[in-house]
Amino acid sequence: MTYDLILRGGRVIDPSQKLDAVTDIAFAGGKVARVGPGLKPDDATDVRDVAGAIVTPGLIDLHTHVYWGGTSLGIDAEDFCRRSGVTTAVDTGSAGPGNFAGFRKHVIERSEVRILAFLHVSFAGIYAFSPRIMVGESEEIRLMAPVDAVEVANANRDLIVGIKVRVGLHASGRSGTVPLDIALQAADEAGLPLMCHIDFPPPSYEEVLDRLRPGDILTHAFRPFPNSPATAQGTVKRAVLEARARGVTFDIGHGKGSFAFKTARAMLANGFMPDTISSDVHALCIDGPAFDQVTTMSKFLCLGMALKDVIAASTVNAATAVKRPELGSLKPGSVGDATILSVKDGEFDYVDVVGEHMTGDRRIVSDGVVIAGKWWHPK
């Protein structure tokens, strides 16, 4: 078989296969062709020596805002992904049914990196969050557009992986769970998972979790007080444990205000790891405190999560959450995406959303990515 690309001699960590070994990976026709030692190239094969590096399935950032130019929060997906080792950016509600066509035509279809989307149930998505203007789109119930959301989701099944809603004092004012209830109806009608943002109450963390179905995603799951998943005594709230038991996915969604070291320490001390690690990168946090996906992953590595679990939370677990099993894996036949990482030792400063600094002894760095079987980002 003729290979387009061989990554030679890297430490391949692929949690979807429980694989952790020094070996080669070959790509052909935009897919993973073979994994094994000593793979033979021909004259046309691009061979890259990645000895000493870690090769993972292409990283999936389950929570981003990449409707650049169309919303105030949007960042450039390709620039972000180059620096952060991400091959699939999942946009979470930047666009609603009223402006998804523009997002698709002007950003998604032009992007070399894969962009999937959770469609906001609010008509224009997250349209007015900036340093000076902050309007919670879910506060105005007249903007809730469940019928339109279902129609647009059905017409764009290739890209739309779920419905998004934001609830909390900043996102929905005093509307409580009303926007969530509307979004759940839309998600149910479309047969899609729901991703729910939570910030300050109302509603409470418990009120939100009680409504989520198996397969739905709570993002900002390790947020600080108020609406933290941990009690003041450092235990995990009962509603959180009950929600996980029935299949709710807990996503980090770091962002500008939604991740605290104190919360993470409490949750991890109780054996409660996040299902997915995501950056929630947008224009208001890309320069800190979130920065990017590998920085968010690094924080969990320094908090004590095993490297394989950090990688799983950014690959196979994220693929499962969006029901795209062809992603997040290096099994032959999978999409030909891979990320080349290294883990640096030293003293590194990390900061959370409440201003707490943590000195970590390791940092995950992106050294390059493969997209559709081609080396896309050499360093």
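The values are calculated or read from the model by the stated rules, or taken from the named source; none is laboratory data. Please read these numbers as outputs of a predicted model, since none were measured by experiment. Using ideal geometry, Cβ is built from the backbone for each residue, glycine included, and neighbour counts are taken over all protein chains shown. Each accessible area value is taken on the protein alone, full model and side chains, heavy atoms only, with ligands, DNA and RNA left out. Shrake-Rupley method; radii C 1.70, N 1.55, O 1.52, S 1.80 Å.
At a glance:
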quantity: Residue, most open to solvent (accessible area, probe 1.4 Å), within the stretch 229-262, restricted to residues that are part of a helix (DSSP H, G or I) and within 23 Å of residue 60 (Cα to Cα); calculated: 244
quantity: Identity of the residue in the stretch 71-84, in contact with a Phe, Trp or Tyr (Cβ under 7 Å, 6 or more places away or on another chain) and open to solvent by 40 Å² or more (accessible area, probe 1.4 Å), that ends up nearest to residue 375 (Cα to Cα); calculated: 76
quantity: Test: residue in the stretch 263-271 that is open to solvent by 10 Å² or more (accessible area, probe 1.4 Å) and within 15 Å of the chain's Cα centre (by Cα); calculated: no
quantity: Test set (1) acidic (Asp, Glu); (2) in contact with a Ser or Thr (Cβ under 9 Å, 6 or more places away or on another chain); (3) assigned to a loop (DSSP other than H, G, I, E, B) - residue 43 fails condition number; calculated: (2)
quantity: Residue within the stretch 46-58 that is open to solvent by 10 Å² or more (accessible area, probe 1.4 Å), in a strand (DSSP E or B) and of a type in the set (Ser, Thr, Tyr) present; calculated: no
quantity: First in the stretch 205-217 and over 13 Å from residue 228 (Cβ atoms), second anywhere and open to solvent by 60 Å² or more (accessible area, probe 1.4 Å) and outside any helix (DSSP H, G or I), Cβ under 9 Å, 6 or more apart; calculated: 212/246; 213/246; 214/246; 215/323
quantity: Residues of the stretch 141-176 satisfying the condition of being within 17 Å of residue 198 (Cβ to Cβ), open to solvent by less than 80 Å² (accessible area, probe 1.4 Å) and part of a helix (DSSP H, G or I); calculated: 169, 171, 172
quantity: Hits in the stretch 1-58 (condition: aliphatic (A, V, I, L, M) and closer than 11 Å to residue 373 by Cα); calculated: 5, 6, 7, 25, 26, 28, 32, 33
quantity: Qualifying residue in the stretch 70-86 (condition: assigned to a strand (DSSP E or B), in contact (Cβ under 8 Å) with a residue 24 or more places away in the chain and within 30 Å of residue 125 (Cα to Cα)); calculated: yes
quantity: Out of 9, 98, 38, sole residue that is part of a strand (DSSP E or B) and open to solvent by 10 Å² or more (accessible area, probe 1.4 Å); calculated: 9
quantity: Residue among 138, 130, 111 that is open to solvent by less than 10 Å² (accessible area, probe 1.4 Å), polar (S, T, N, Q) and within 24 Å of residue 61 (Cβ to Cβ); calculated: 138
quantity: Residue list for the stretch 18-35, filter: touching a helix residue (DSSP H, G or I) at 6+ places or on another chain (Cβ under 9 Å) and open to solvent by less than 70 Å² (accessible area, probe 1.4 Å); calculated: 35
quantity: Inter-residue pairs, beta-carbon under 8 Å, first at negative phi and in the stretch 263-278, second in a loop (DSSP other than H, G, I, E, B) and of a type in the set (Lys, Arg), 6+ apart; calculated: 263/223
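Okay, residues lined up against (1) out of contact with any helix residue (DSSP H, G or I) (no Cβ under 9 Å at 6 or more places or on another chain); (2) more than 24 Å from residue 317 (Cα to Cα):
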residue	(1), (2)
203	no, yes
210	no, no
219	yes, no
256	yes, no
